[in-house]
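Report on the structure given below.
What follows draws every value from the coordinates through simple rules; no lab data is involved. The structure presented is a predicted model; accordingly, all values stated were derived computationally and were not measured. Reconstructed Cβ throughout: ideal geometry from the backbone, glycine too, with neighbour counts over all protein chains shown.
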Amino acid sequence: MFRVILICSMLLTTGVWAGELPPIGYVKNITGEATVTTKGDIIRAKVSTPVYQSSVLNTRAQSSMGIILKDATVISLGPETEFAIDEYAYVPAKNKFKLGSRITKGSLNYVSGIIAKLQPDAVTVTTPSGTIGVRGTKFVVKVE
Amino acid sequence: MRFSTQILFSCKALGCRIFIAGVAYLMIAGCASSYVVLLENQDGTTGKVIIKGQKGEQVLSIANQGAPLDGSAPAAPVSKDKLNKDFSAAIAAQPRLPVSYLLYFRKDVLLTRESEALIPKIIAEAADRQAVDISVIGHTDTMSTIKLNERLSQQRAAKIIALLKKKGINFHAITLESHSERNLLILTPDNTYEPRNRRVEVLIR
């Protein structure tokens, strides 16, 4: 028992918990320069860089990046874009679905996946002036 | 020149609300800098986008129509030039869309002949993708007990992963999932034989 508590507290203090959450998707392509920031860790994105819940994706000028999430949602960012995945739950066996994302600037191409099919109201893209609800579709959005 | 000045003027004066139907798309081209455009899906269907903005709610249901994100104006057509100018980079960066395959079992963990024949197609689909992320999801029908089905569903998925790896599938990550009889393709009562539920889904991303 003591040992279990010790290990738990070690994990907590070293922040291993966060790192052990499985990725919710991967970077599939990159042009130019882009980053994936998760819990303050800024990673220069390359093909196969993992994306986690709470990751913030950034592209520089003349750059772009494409990612695919677990539920087959396909998202690609144009240049000078900031896009975050704030909430993500994809647990079909427990009927648990959520995809809450946010674009603060730039341009985005979005192809909705299984979550939008199974529980459409669980998918939202928040922007500085309004929120987009997604009903099984493809769209593009620009924020200036 | 005078024409565009006039439009700019009316944009300002009307707060992006242009009432002449013929130039409706200028609302987006001229004024709204933050907007969303609905596009057609790969399969030819079109879904919906619902905007809940600071200035109202709008629904987009026709492909290539757009509206400002603040909800201040209804859907209007967006020109190809405008789409290209604002979105060509984002659209060009779209990764190849995921594909999913269903493999069926004639008994326990034995694939049907048709499903066996699909394996080379799955290998080929994964071959020319980048950072291939594969989910292999086992399912059963409702025959037998939940406990036994959980084991069988797990075994089916594990068997397919082993088979794909043996055939040298290209992958970055491969994940086993097991839904047992909780995610039926064909809804049936308990203890029902249903071959279409005895399956493994392979999702290639």
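Would you mind counting up the charge near residue B:184? Only other residues with Cβ under 13 Å from its Cβ, with Lys and Arg at +1 and Asp and Glu at -1. Before the final figure, lay out the partial values.
Values: positive: B:182, B:196, B:198, B:199; negative: B:141, B:181, B:190, B:194, B:201.
Local net charge: -1.
May I ask for the net charge around residue A:140, where only other residues with Cβ less than 13 Å from the Cβ of residue A:140 are counted and Lys, Arg are +1 while Asp, Glu are -1?
+3
Calculate how steeply helix A:2-14 sits against the longest principal axis of the alpha-carbon atoms of chain A, using the helix alpha-carbon long axis, and give the answer as 0 to 90 degrees to the nearest 10.
Approximately 30 degrees, to the nearest 10.
So if we plug the beta-carbon distance of residue A:31 and residue B:146 into 1/(1 + (r/R0)^6) with R0 = 35 Å, what FRET efficiency do we get, rounded to 0.05? Spell out each step's value before the answer.
Details: r = 49 Å, r/R0 = 1.39.
E(calc), rounded to 0.05, equals 0.10.
Express the Stokes-Einstein translational diffusion coefficient of the range B:93-150 in µm² s⁻¹, to the nearest whole number, given a Kirkwood radius over alpha-carbon pairs, 10 °C and a viscosity of 1.306 mPa s.
Here the translational diffusion coefficient equals 115 µm²/s.
Above 23 Å lies some portion of the pair distances; for the range B:77-194, what is it as a whole percent of all C-alpha pairs?
Working: 3061 of 6903 pairs.
Above the 23 Å cut-off, the range B:77-194 has 44 percent of its Cα pairs.
What is the mean projected area of the alpha carbon convex hull for chain A, to one decimal in square nanometres?
Numbers: hull surface 39.2 nm².
Projected area, direction-averaged: 9.8 nm².
How would you rank B:179, B:139, going from fewest to most other Cβ atoms within 10 Å of each one's own Cβ? Before the final figure, lay out the partial values.
Working: B:179 19, B:139 27.
Fewest to most other Cβ atoms nearby, the residues stand as B:179, B:139.
Describe numerically, in nm with one decimal, the distance between label points set 7 Å from Cα along Cα→Cβ at residue B:55 and at residue B:190.
5.8 nm
Computed from the mean reciprocal separation of all distinct C-alpha pairs, what Kirkwood hydrodynamic radius does the range A:78-144 have, in Å?
That comes to 12.3 Å for the range A:78-144.
Let me understand the range B:30-73 better: what is its radius of gyration from the alpha carbons, and its Dmax, in angstrom?
Values for the range B:30-73 (Cα only, Rg and Dmax): 10.8, 33 Å.
Let me know the mean shielding of A:59-71 by other chains, meaning the per-residue number of their Cβ atoms within 10 Å of its Cβ.
4
For A:22-28, what's the mean count of beta carbons from other chains sitting within 10 Å of each residue's beta carbon?
4
By per-residue mean of other Cβ atoms within 10 Å, what is the highest-first order of A:134-141, B:106-113?
Highest to lowest by the protection proxy: A:134-141, B:106-113.
What net charge is computed for the residues neighbouring residue A:82, neighbours being all others with C-beta under 12 Å from the C-beta of residue A:82, Lys and Arg scored +1, Asp and Glu -1?
Spelling it out: positives minus negatives among the neighbours equals +2.
Let me know the volume per residue of the alpha-carbon convex hull for the protein assembly as shown, in Å³.
172 Å³
Convex hull over the alpha-carbon atoms of the range B:22-142: what's its volume per residue in Å³?
176 Å³
Looking only at other chains, what is the average number of their beta-carbon atoms within 10 angstrom of each beta-carbon in B:33-41?
Going residue by residue through B:33-41 and averaging, the value is 6.
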